[in-house]
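Student: One structure, as structure tokens, below. Some questions next.
The values are calculated or read from the model by the stated rules, or taken from the named source; none is laboratory data. Remember, it's a predicted structure, so these values are computed and weren't measured experimentally. Glycine also receives a Cβ, built like all others from the backbone with ideal geometry; neighbour counts cover every protein chain displayed.
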Amino acid sequence: MIPPAFDYAVPKTLNDAVALLGQNPEAKVLAGGHSLIPMMKFRLASPPLLVDINRLEGLAYIREEDGWLKIGALTREADLDGSDLIRQKYPLLADTARTIADPLVRNMATVGGNLAHADPANDHPATMLAYGAQVVATGSGGERTIPIGQFFEGPFQTVLAHDEILTEIRIPAAKSNSGGAYFKLERKVGDFATAAVAAQITIGATGKCEDAGIGLTNVGLTPIKATKAEEALKGKPLDDATIRQAAQLASEAAEPVGDQRGSEDYKRALVKTLTVRALRKALERAKS
Amino acid sequence: MSTHHINVTVNGAVKEAEVESRLLLVHFIREDLNLTGTHIGCDTTSCGACTVLFNGKPVKSCTVFAVQADGGEVTTVEGLPTNGKLHPIQEGFTEMHGLQCGFCTPGMMLSAVGLLQQNPDPTEEEIRWGLSGNLCRCTGYVNIVKAVQYAAEKMKG
């Protein structure tokens, strides 16, 4: 219930924050805090220093620019959920933001944190895989852009150096004839996913699938990009048979572990069903 | 370990304190400020009994450190009445029998206030979704929804 004691710093600039992290290898970034603080309350995490980045300016924004949807890492999930731009043009992202925890948590939780914390049960990772997103990070070595497919290394592990802070998430700007959807099964509101599927598709001029991205949540040690399922869609018309074939491949790409949310077989079957639903919804949205 | 001097405006009054960085906002409210209307109902950031308005937004105060509120504003259930007159949400919970044991009620009301600020005319589904961070073991939520609808109506003037 009561976290272990720690030192607390509130840097005024990003460079100050990076410097603090560099000086303290065991320090953790505090943004929304709604993954970190619960862990500290259970004493599963005991960072000796928290670097509170909530006062840093200019890290919360949602805008389209230069062919990308750019989202500041400190953008709260509630602001993603409330964004007309995202709801209209990035429905997969809107679906995802809306299913994270509950409205109270979403008032504090940040997109950057959801990715950087890299809990395999977090929702944004699969969605970013489906979108082919990039993240931007700043550390003592300067700024770098990381394709999301290279970002996740394991449970709670990313390629970020200890002193690197995520500053921005970039999603390719929405094309016409593209659509996406996120389908998540949870035991009750606020739970992590028993399994979830993110699907993003683009329909070409011929009516066939030009591009597809499918990401799987909480059925592996990291979010999973269902590459074979994606390949099975490309160049084909998205009829029922094709969708079902892709769903089968997605379920085979999953690496679920049986736990209190369900057995391995159940989760695999769930991935298949959710993939069908997500693809159908993505198609419907791509056409409208 | 460090302690920090913080200034937090709670229910309109500035409170100053020297606190450990690990002090949870809910503990600061309950134990340092003796405002015990904000409740602790779980250990897992699930139940929402600790909900307060933090810089205008409803949040779970058990998952925020008091130091994060330095320079900020907090509204608790004790801050809902104006000049001794009940807030419409409090009136709604009274009139529509929106509580039984009352343990979730302060959190429910603060969440509802936050919801109605964003969406002054919510549908039932929007109310249920908007309060989905607050759990109630007694009521089955039916009268809670009615209480929020009462308040929405009252606040529309």
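Student: Is the range A:165-185 home to any residue that is within 30 Å of B:Asn134 (Cβ to Cβ), modelled with pLDDT under 95 and in the same structural domain as A:Leu221 (by TED's automatic domain parsing)?
Tutor: No, there is no match, as no residue in the range A:165-185 is within 30 Å of B:Asn134 (Cβ to Cβ), modelled with pLDDT under 95 and in the same structural domain as A:Leu221 (by TED's automatic domain parsing).
Student: Within the range B:44-63, can one find any residue that is crowded, with 19+ Cβ neighbours inside 10 Å, within 14 Å of another protein chain (Cβ to nearest Cβ) and more than 30 Å from A:Arg43 (Cα to Cα)?
Tutor: Looking through the range B:44-63, none of the residues is crowded, with 19+ Cβ neighbours inside 10 Å, within 14 Å of another protein chain (Cβ to nearest Cβ) and more than 30 Å from A:Arg43 (Cα to Cα).
Yes/no matrix, rows are residues, columns are (1) assigned by TED's automatic domain parsing to the domain that holds A:Tyr131; (2) in a helix (DSSP H, G or I); (3) in contact with a helix residue (DSSP H, G or I) (Cβ under 7 Å, 6 or more places away or on another chain); (4) under 19 Å from A:Ala193 (Cα atoms):
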site: A:Arg244; (1), (2), (3), (4): no, yes, yes, no
site: A:Ser251; (1), (2), (3), (4): no, yes, yes, yes
site: A:Pro256; (1), (2), (3), (4): no, no, yes, yes
site: A:Leu274; (1), (2), (3), (4): no, yes, no, yes
site: A:Arg280; (1), (2), (3), (4): no, yes, yes, no
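Student: Next question, about the same structure. Please verify whether the range B:41-51 includes one or more residues that are under 30 Å from A:Leu50 (Cα atoms), touching a strand residue (DSSP E or B) at 6+ places or on another chain (Cβ under 9 Å) and outside any loop (DSSP other than H, G, I, E, B).
Tutor: yes
Student: Go through the range A:1-44 and count every residue that is in contact with a strand residue (DSSP E or B) (Cβ under 6 Å, 6 or more places away or on another chain) and at the interface with another protein chain (Cβ under 7 Å from one of its Cβ atoms).
Tutor: 3
Student: Taking the residues in the range B:108-139 that are in a helix (DSSP H, G or I) and of a type in the set (S, T, N, Q) as candidates, determine which candidate is farthest from the other protein chains (Cβ to nearest Cβ).
Tutor: Across the range B:108-139, the extreme among qualifying residues is B:Gln117.
Student: Also, quick follow-up: For the subset of the range A:66-119 comprising residues that are farther than 23 Å from B:Lys60 by Cβ, in a loop (DSSP other than H, G, I, E, B) and not small (Gly, Ala, Ser), which member is farthest from the other protein chains (Cβ to nearest Cβ)?
Tutor: A:Asp66
Student: Another one. Of the conditions (1) in contact (Cβ under 8 Å) with a residue 24 or more places away in the chain; (2) outside any helix (DSSP H, G or I); (3) polar (S, T, N, Q), A:Ser176 clears all except one; give me its number.
Tutor: Result: A:Ser176 fails condition (1) only.
Student: Hey, another quick one. Examine the range A:37-50 for a residue that is buried (at least 17 other Cβ atoms within 10 Å of the Cβ) and polar (S, T, N, Q), and state whether such a residue exists.
Tutor: Scanning the range A:37-50, I find no residue that is buried (at least 17 other Cβ atoms within 10 Å of the Cβ) and polar (S, T, N, Q), so the answer is no.
Student: Report yes if A:Glu210 is assigned by TED's automatic domain parsing to the domain that holds A:Thr273, touching a strand residue (DSSP E or B) at 6+ places or on another chain (Cβ under 6 Å) and acidic (Asp, Glu), otherwise no.
Tutor: yes
Student: Of everything in the range B:11-38, what is outside any helix (DSSP H, G or I) and of a type in the set (Val, Ile, Thr)? Give them in sequence order. Give the derivation first.
Tutor: Quick first cut of the range B:11-38, residues outside any helix (DSSP H, G or I) only: B:11-24, B:33-38.
B:Val14, B:Val19, B:Thr36, B:Thr38, listed by residue number.
Student: Go over the candidates B:Gly12, B:Gly102, B:Gly84 one by one and state the one that is under 19 Å from B:Asn134 (Cα atoms) and more than 13 Å from chain A (Cβ to nearest Cβ). I'd like the intermediate steps shown before the answer.
Tutor: Values: B:Gly12 fails: under 19 Å from B:Asn134 (Cα atoms); B:Gly84 fails: under 19 Å from B:Asn134 (Cα atoms).
After applying the criteria, what remains is B:Gly102.
Student: In addition: Would you please name the residue that is surrounded by the fewest Cβ atoms within 10 Å (Cβ to Cβ), looking only at residues in the range B:76-131 that are closer than 23 Å to B:Gly12 by Cα and among the charged types (D, E, K, R)?
Tutor: My answer is B:Lys85.
Student: Moving on to the next point. Please count how many residues of the range B:95-107 are part of a helix (DSSP H, G or I), touching a residue at least 40 places away in the same chain (Cβ under 8 Å) and closer than 25 Å to B:Gly56 by Cβ.
Tutor: Of the residues in the range B:95-107, 2 are part of a helix (DSSP H, G or I), touching a residue at least 40 places away in the same chain (Cβ under 8 Å) and closer than 25 Å to B:Gly56 by Cβ.
Student: Right, another one. Any idea which of (1) touching a Leu at 6+ places or on another chain (Cβ under 7 Å); (2) touching a residue at least 60 places away in the same chain (Cβ under 8 Å); (3) not in a loop (DSSP other than H, G, I, E, B) is the one B:Val8 doesn't satisfy?
Tutor: (1)
Student: Here's a follow-up. Of everything in the range A:55-65, what is assigned to a strand (DSSP E or B) and among the acidic types (Asp, Glu)? Give them in sequence order.
Tutor: Within the range A:55-65, A:Glu64, A:Glu65 meet the criteria.
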